[in-house]
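The values are calculated or read from the model by the stated rules, or taken from the named source; none is laboratory data. A quick note: this is a predicted structure, and the numbers were derived from the prediction, not measured. Virtual Cβ from ideal backbone geometry, glycine too; neighbours counted across all protein chains shown.
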Amino acid sequence: MKKLLISLVLFISLLNAFEISYRIQGLGSSFAYLIPDYETDLYRNPEWLGKKTLGIALYRPYYSYGNKPLALVMLCKGFGWYGRYWPSYSYSLATSQSNNDWIKQNVFNIHFSDLWMVRIKGEVWNIYNEGTMQFYGSNDSYNHRASNRTIEYFLKSSGGFKLSRTLYLTIMPALGIYNKFSETSTFTDIDQLLLISSGRLSLFYRNITEENKFTSWYIDIGGPVTTDEISALPYSIYLDLHDIDRRSKLLGGALLLQLGWAKSLPIDDRSFVALGFKEDLSYQWTEQADTILYLRGLRNSLTLPMAVEYRIKTMALRFGVNLTYTFKDNREYDNSYLLNENLSHELGYSYSFGLGWQPKEKFVIDLQNTGNVANVTSWSIYLKYLF
């Protein structure tokens, strides 16, 4: 019998960052792309597509966009697909018994994020789609109509180049679209369209001598390439748009820099302690529409993560802790004069915990917890079969 070439990883999920595996989440998401992990590394470097897995994950309740997301993943030797979808729809009809007046409303929202990969003649072609669509419409007994829509969308692709045995270069061009439209029965009050040309350039290093002996680092620079990165900026990038406006913006008016480094310290033949460093720096420039205010925002986050993965026969115990310092500096200018400055300093910590069990050679069970270890509802479980 021929071997099954298409292997399925099916997630009926309630998790936000499905591209980061349970193993890495247990060790700490700051170690993503630094601690070697195929499922996590593949999302950043699609050219590594090749392994086959089959699994199902059950996640703890998570409400990121107001409803439960559906996430699906399919991986095989020549094809791969990651997908997350948050659809929601509501309909209401309100009536008045005294005068027979009525009004009805329709609301539809969807947030989606997917990655498609296919290997053709040794090369992996890939496309990332990510965005949010919101639609609203209303009508009443007097034929008063109102509707509005808001669309935020990013299309991007990643190309990788192996510079040496341990060094990789990744280029990710991206195109973003923002469209907001609002009208009533009599006039159009908002019609905005913004095109965002952006992209990222990454240099990635990894040297693995044994399973528990590795050194990794990366440098990533460019503009925002997801709607989540747009939302995390100090100011809305749409503040400078007029009610009726058409324009384009290079890099979304922001520059992002990410640095990461990690090194393992072996405990025994399979276990290790990982020490790392991560920096997330963003700088934004924009202005307020219909004013003379110029806005500048700076945010720098420094994280010192540490993680332990200790293996006992078929079991793996995982624990991670992060110490994070964040500096923010937001300024408002009137031409060249500083009108207002908002400085903040934050110091905090977070921890993560996970368990792994491999009862059979090709069967793996991973559990992950970032909340209360004693609370059953805070746990998530992932079952994986390796072909």
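A few notes on this one:
- Selection count, the range 101-139, where residues are more than 26 Å from GLY199 (Cβ to Cβ), part of a strand (DSSP E or B) and at pLDDT below 85: 1
- Identity of the residue in the range 164-191, of a type in the set (Ser, Thr, Tyr), within 19 Å of GLN134 (Cβ to Cβ) and out of contact with any helix residue (DSSP H, G or I) (no Cβ under 9 Å at 6 or more places or on another chain), that ends up surrounded by the most Cβ atoms within 10 Å (Cβ to Cβ): SER182
- Output for the range 77-100, where each listed residue is among the basic types (Lys, Arg) and either in a strand (DSSP E or B) or modelled with pLDDT of 90 or more (or both): ARG84
- Test: residue in the range 284-296 that is surrounded by fewer than 16 Cβ atoms within 10 Å (Cβ to Cβ), among the polar types (S, T, N, Q) and at positive phi: no
- When we screen LYS249, LYS263 for residues that are buried (at least 19 other Cβ atoms within 10 Å of the Cβ) and within 30 Å of THR326 (Cβ to Cβ), the only hit is LYS249.
- Residue pairs meeting the criteria (Cβ under 8 Å; at least 6 apart or on separate chains; first at positive phi, in the range 219-242; second assigned to a strand (DSSP E or B) and surrounded by fewer than 19 Cβ atoms within 10 Å (Cβ to Cβ)): GLY222/GLY199; GLY222/LEU201; GLY222/LEU255
Rundown of residues vs (1) in contact with a helix residue (DSSP H, G or I) (Cβ under 6 Å, 6 or more places away or on another chain); (2) farther than 15 Å from LEU49 by Cα, yes/no style:
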residue	(1), (2)
TYR89	no, yes
ALA94	no, yes
ASN106	no, yes
MET117	yes, no
ARG145	no, yes
PHE154	no, yes
LYS162	no, no
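- Being within 30 Å of ASP41 (Cβ to Cβ) and either crowded, with 16+ Cβ neighbours inside 10 Å or touching a residue at least 60 places away in the same chain (Cβ under 8 Å) (or both) holds for only one residue in PHE154, PHE161, and it is PHE154.
- Here THR303 clears all of (1) among the polar types (S, T, N, Q); (2) surrounded by 16 or more Cβ atoms within 10 Å (Cβ to Cβ); (3) at pLDDT below 95 except the condition numbered (3).
- Subset of the range 38-76 that is surrounded by fewer than 21 Cβ atoms within 10 Å (Cβ to Cβ), touching a Ser or Thr at 6+ places or on another chain (Cβ under 9 Å) and of a type in the set (A, V, I, L, M) - its residue that is modelled with the highest pLDDT: MET74
- The residue pairs whose first member lies in the range 102-119 and is in contact (Cβ under 8 Å) with a residue 40 or more places away in the chain, whose second member is of a type in the set (Gly, Ala, Ser), and whose beta carbons are closer than 6 Å, counting only pairs six or more residues apart or on different chains, are ASN109/SER88; MET117/GLY80; ARG119/GLY78.
- Of residues in the range 226-243 being of a type in the set (A, V, I, L, M, F, W, C) and closer than 12 Å to ASP290 by Cβ, the one nearest to the chain's Cα centre (by Cα): LEU239
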